[in-house]
There are 2 protein chains.
Amino acid sequence: MKSASELVKEHPWIGWILFLGTMGMVFVLGLFAATILGRRNEAIFAYKPATDIRPYEPRNSFWGKYFPREFETYEKTAETNFRSKYNGSEKIDMLAEDPRLVVLWAGYAFSTDYSQGRGHHYAIQDIRETLRTGAPKNEQDGSTPNTCWTCKSPDVARLMSEMTPEEFYKGKWASRGSEIVNSIGCADCHDPASMNLRITRPALSEAFSRQGKDINASTQQEMRSLVCAQCHVEYYFKGEGKYVTFPWDKGITVEAIEDYYDSYQFNDWTHSISKAPMLKAQHPDWEIAQMGIHAQRGVSCADCHMPYIAEGAVKFTNHHIQSPLAMINTSCQVCHRESEEELKRNVYDRQTKVFELRVKAEDHIVRAHFEAKKAWDLGAKPEEMAEILKLIRHAQWRWDWTAAGHGSSFHAPLEMARILGTAIDKAQQARLLLVKLLANYGFNDDVAVPDISTKDKALTAIGVDINSLKRDKQEFLEKLVPKWDEEARKRESSWPQ
Amino acid sequence: MKSASELVKEHPWIGWILFLGTMGMVFVLGLFAATILGRRNEAIFAYKPATDIRPYEPRNSFWGKYFPREFETYEKTAETNFRSKYNGSEKIDMLAEDPRLVVLWAGYAFSTDYSQGRGHHYAIQDIRETLRTGAPKNEQDGSTPNTCWTCKSPDVARLMSEMTPEEFYKGKWASRGSEIVNSIGCADCHDPASMNLRITRPALSEAFSRQGKDINASTQQEMRSLVCAQCHVEYYFKGEGKYVTFPWDKGITVEAIEDYYDSYQFNDWTHSISKAPMLKAQHPDWEIAQMGIHAQRGVSCADCHMPYIAEGAVKFTNHHIQSPLAMINTSCQVCHRESEEELKRNVYDRQTKVFELRVKAEDHIVRAHFEAKKAWDLGAKPEEMAEILKLIRHAQWRWDWTAAGHGSSFHAPLEMARILGTAIDKAQQARLLLVKLLANYGFNDDVAVPDISTKDKALTAIGVDINSLKRDKQEFLEKLVPKWDEEARKRESSWPQ
């Protein structure tokens, strides 16, 4: 047998073919290897420059000097816009969209003003403007506590670094108006030394501790949801000190938290029509997400609401936090191969089904409130009303749990439908007992429900003078707020620029 | 510069390295190419031998001579077993598991006997044994029509090839007892000439036609569900001729079919307690599956319930039709990478949530039936009861739609929860009206519900003498059935063996 070199000597083209062929293959393998190595960029994309950002710097623009892309995209939360009928910067008045809400929250500030959440950009503007925070005339006026600032600003993280949470929560909301002026931002979630995610609000860490868990042991992927869970959760203001507390000690299901509040006999307010001891759900987004398949498969909030995007050769996290429906291509389609149209249809399909049950629950609870009022009017005794009011409390709590969150009927559609099924059930149980009680008091007709077909009519039905509230608010915005802003300007002008 | 051949001449090892390296790479590429080409086997796995199978041969064993693997796996439907607490060949008495069913179906044969469906292997045995088909003493006896055989046997396909559907449906069930003896099998779904899937029951094709669709234009993937939809659907026996009809003309949602039945004023029976005009859902598996994400993503019934498996080098369809939970590795895990344990938990999680609402709906509907009876007893007039009875009819219809199917709360969990939410709502609406009506007749207490904590107690409550039914059935099984089998044996012994 001839050696390879003898063969090549006789036929030089064999050598060239072998050589060039090998070169070609090695080139292709190199391309493959490059894309594999390129994946490593995903781990190291977060370029971390040395900065002079102070640990609780509340001005996003200061961080923006070093992280322009993250800052620029975050600024776009001023234009969050995924419902085509609205302009992104417009507030959606949910009381006008569904006047039943006015009745459901009668006696509580939510019945006077409730808009759909806008982008983080508007956190300070919106908390100042909402009628819910009232119209303090000076720093010591009003009934809103300082606790209400907790989720609104990195200034809160700054102040909390200088005092205990108890000290921070103490006092009137107006008393910190000049200190808390920057909308939610970088410092709320990031440590400027490492740019790692960090927890700046104590309630979440404390809830973990009480459950025997260490939040510092969380993985990076878990942190990509937990920084959101600092605020996007169910919480309440505990005790005289209005200490922000997550009611998770018995679990994070709607039943476990209902049980928790019941065991404390905690009420957010007493309903002005039915006199039921009520609970108000906040926005239990994190808890509800845990009940859904995305979280169960390890998908974090940021994966869908802040997906990675590329600008040229740079890959970074899009800080324009918004509905994934506004960016299906960079969000859903990273995993799902279906068309945008199909994916949207899937989401709306879930929302429509849950919404059908939600409206049914609202209708029955509204009626139950008025029927309970009728019973009181006829002389019903507290002991006759106790079970009925508890059923109303639980029905509305469960309804509110599904209605108060953002995107709940997508995050965990089956759990929402299940809960609404039990809300309908409890509201109807209350109404069954009420019909019997009313008959015992000689009343066997339908209880009339006033006209609540518009927000204004509903406000009239519950006896709220909205114009007076608005006038007071306007005065507050024109007189007190400019002072706050001026004080803040002075303070910040003495900081590093 | 030296030529490659000169280099190789000087250093023969260079030539060998280039040569061997190239060989190695080509070998690896060959492996890759082989797996790609191997995929083509998936398209041609269905080896179709020339056979002498007649077009409507009802004996599965005859087909099994040519298709041993499909036949052997199909025979395993005798051991369908996915609920660990039961033996696969055991019947699960659903009336004993949930005695509320006895009350819900009072006045209808389902209240006397309702077992969870077993494997296809038992179709003939089970239809003979169930108390629902009665105990005819001869071929002309009994109240069950021939239509009841329709889904039970390839003998039906054989007989239908010899007569019109009208002729087939005509007459008593007992009159075809000796003709229909082979359990559901090959001929029901396959054309022996090509082994292609085929529709052998007219109701499905007719329902498609009335909707302006041609079932023959269905794709192979659609056929992998449609052959199941010949039977696993909602249907009713229309008119005097008891013609099997699918109520799909207004759509396949629970509301569309409710509307369809209402517009015909069709009742399956009159409830013996409440006198409500009732509907019985069959097993609307195909319709419900269309509401779920698997069907919406193009997954067919067979993909999960009859997954491809391999024996050595042969890939074939596992004809052991059963719950995918019994074969997660060949079914779910073809697409889903999660562990068996995790996937099972996901299924049970959905089922548990839907089940919670289902039981609530049952409780309220049971009470509504007894409360309606009380109203009749007190002298309520038909016009006072009309709306109430309609609400009961609709509530139970919706509940039954979710409860009657196989796997519905996995196939379309959100749709099931939505429907059950409306069932709870309607049952409670009926009860609210009843409480008022009862009060008008001077009754303002709780209506007592008899003890229905066991099947026997529930049967007593609705006045059914189950032992007499069982005695008659035993006589039928001992006297008439052996004659049927003997006649069938004679007939089939004259056929090709």
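Here, each number is a calculation from the coordinates, and none is a lab measurement. Worth saying up front: this structure is predicted, and the values here are computed from it rather than measured. Glycine gets a Cβ as well: all are built from the backbone with ideal geometry, and neighbour counts include every protein chain shown.
For the protein assembly as shown, what class follows from the C-alpha gyration tensor (a ≥ b ≥ c being the square roots of its eigenvalues): rounded when a/c is under 1.5, otherwise prolate if a/b is larger than b/c, else oblate? Kindly include the intermediate steps, with their values, before the conclusion.
Numbers: a/c = 2.79, a/b = 1.09, b/c = 2.55.
It comes out oblate by the Cα gyration axes.
Where the only charges are on Cβ atoms (+1 Lys, Arg; -1 Asp, Glu), what is the dipole of segment A:367-490 about its Cα centre, to the nearest 20 debye? Before the final figure, lay out the partial values.
Details: 20 positive and 19 negative charges, 40 e Å.
Using only the charged Cβ atoms, the result is roughly 200 debye.
At a threshold of 8 angstrom on Cα-Cα distance, excluding pairs fewer than six apart, so keeping six or more, what relative contact order does chain B reach in percent? Please report the intermediate quantities before stating the final value.
Details: 690 pairs, mean separation 85.8, N = 497.
It rounds to 17 percent for chain B.
Provide a whole-number value for the mean count of partner chain Cβ atoms within 10 Å of the Cβ atoms in peptide A:289-296.
Values: counts 0, 0, 2, 0, 4, 0, 0, 5.
What the average comes to for A:289-296 is 1.
Residue by residue through segment B:158-169, what is 3J(HN,Hα) from phi via Karplus (6.51 cos²θ - 1.76 cosθ + 1.60, θ = phi - 60°)? Round to whole Hz and write x for glycine and proline.
Residue by residue, segment B:158-169 yields 4, 5, 5, 6, 9, 7, 6, x, 4, 5, 5, 5 Hz.
I'd like the distance between the alpha-carbon centres of segment B:373-419 and segment A:460-475, rounded to an integer number of Å.
Distance between centres, Cα-based: 45 Å.
Which of A:Val103, B:Met25, A:Ile328 sits closest to the plus end of the dipole of the protein assembly as shown, meaning its Cα is farthest towards the positive end, when Lys and Arg get +1 and Asp and Glu get -1 on the C-beta?
Positive-most Cα among the choices belongs to B:Met25.
Classify segment A:140-186 from the C-alpha gyration tensor, please: rounded if a/c falls under 1.5, else prolate or oblate depending on whether a/b exceeds b/c. Each step should come with its number before you reach the end.
Numbers: a/c = 2.05, a/b = 1.34, b/c = 1.53.
Taking the square roots of the gyration eigenvalues as a ≥ b ≥ c, segment A:140-186 is oblate.
Could you derive backbone 3J(HN,Hα) for segment B:200-205 from the dihedral phi with the Karplus parameters 6.51, -1.76 and 1.60 (θ = phi - 60°), listing whole Hz in sequence and x where the residue is Gly or Pro?
Karplus values, whole Hz, x for Gly and Pro: 10, 10, x, 4, 5, 4.
Taking segment A:97-203, which trypsin sites (Lys or Arg not before Pro) meet the DSSP loop condition and have no more than 14 other C-beta atoms within 10 Å? Could the numbers behind the result be given before it?
Numbers: sites: A:Arg100, A:Arg118, A:Arg128, A:Arg132, A:Lys137, A:Lys152, A:Arg158, A:Lys170, A:Lys172, A:Arg176, A:Arg198; in loops: A:Arg118, A:Lys137, A:Lys152, A:Lys170, A:Arg198.
Those that pass, being in a loop and sparsely packed, are A:Lys137.
What gaps in nm, shortest first, separate B:Gln220 from its twins in the other copies when you place the label 7 Å past Cα toward the beta carbon?
In ascending order, 4.5 nm.
Work out the charge dipole of segment A:329-382 with +1 on the Cβ of Lys and Arg and -1 on the Cβ of Asp and Glu about the Cα centre, then indicate which of A:Ile365, A:Pro382, A:Val347 is farthest towards its positive end.
Checking the options against the dipole of segment A:329-382, the answer is A:Pro382.
May I ask for the distance between the Cα centers of segment A:199-278 and segment B:222-252, given as a whole number of Å?
51
Under the definition of Cα pairs under 8 Å and six or more residues apart, what whole-number percent is the relative contact order of segment B:266-385?
Here the relative contact order equals 22 percent.
Please label the shape of chain A as rounded, prolate or oblate, based on the square roots a ≥ b ≥ c of the eigenvalues of the alpha-carbon gyration tensor (a/c under 1.5 means rounded; beyond that, a/b larger than b/c means prolate, else oblate).
Working: a/c = 2.57, a/b = 1.71, b/c = 1.50.
Taking the square roots of the gyration eigenvalues as a ≥ b ≥ c, chain A is prolate.
When the dipole is taken about the Cα centre of the protein assembly as shown, and only Lys, Arg (+1) and Asp, Glu (-1) are charged at their Cβ, what size is it in debye, to the nearest 20? Each step should come with its number before you reach the end.
Details: 126 positive and 136 negative charges, 167 e Å.
In debye, rounded to 20, the protein assembly as shown gives about 800.
Shortest first, in nm, what separates the label point of B:Ala310 from those of the same position in the other copies (7 Å along Cα→Cβ)?
3.5
Taking only DSSP H segments of four or more residues, each worth -39500 (n - 2.57), what value at 222 nm results for the protein assembly as shown once the sum is divided by all its residues, to the nearest 500 deg cm²/dmol? Don't skip to the answer; put the middle values down first.
Numbers: 46 runs with 513 residues, N = 994.
After summing the helix terms and dividing by residue count, I get -15500 deg cm²/dmol.
Which of B:Ser178, A:Ala458, A:Thr317 sits farthest toward the positive end of the charge dipole of the protein assembly as shown, with +1 on the Cβ of Lys and Arg and -1 on the Cβ of Asp and Glu?
A:Thr317
Treating only the Cβ of Lys, Arg, Asp and Glu as charged (+1, +1, -1, -1), what charge dipole size does chain B show about its Cα centre? Round to the nearest 20 debye.
Values: 63 positive and 68 negative charges, 84 e Å.
Taking the Cα centre of chain B as origin, the dipole is about 400 debye.
Taking a label point 7 Å out from Cα toward Cβ, give me the nm distances from B:Gln125 to the same spot in the other copies, shortest first, one decimal.
Once sorted, the set of distances for B:Gln125 reads 7.4 nm.
Report the GluC sites (Glu not before Pro) located in segment B:219-318 that are in a DSSP loop and have at most 12 other Cβ atoms inside 10 Å of their Cβ, or state none.
Working: sites: B:Glu222, B:Glu234, B:Glu240, B:Glu255, B:Glu258, B:Glu287, B:Glu311; in loops: B:Glu234, B:Glu240.
When the GluC sites (Glu not before Pro) of segment B:219-318 are filtered for loop state and at most 12 Cβ neighbours within 10 Å, B:Glu240 remain.
³J(HN,Hα) across segment B:285-297 via Karplus (A = 6.51, B = -1.76, C = 1.60, θ = phi - 60°), whole Hz, x for Gly/Pro?
5, 5, 4, 5, 4, 4, 7, x, 6, 5, 4, 5, 9
Quick check: the angle from helix B:413-440's long axis to the longest principal axis of chain B, C-alpha only, nearest 10 degrees?
Between the helix axis and the principal axis of chain B, the angle is about 10 degrees.
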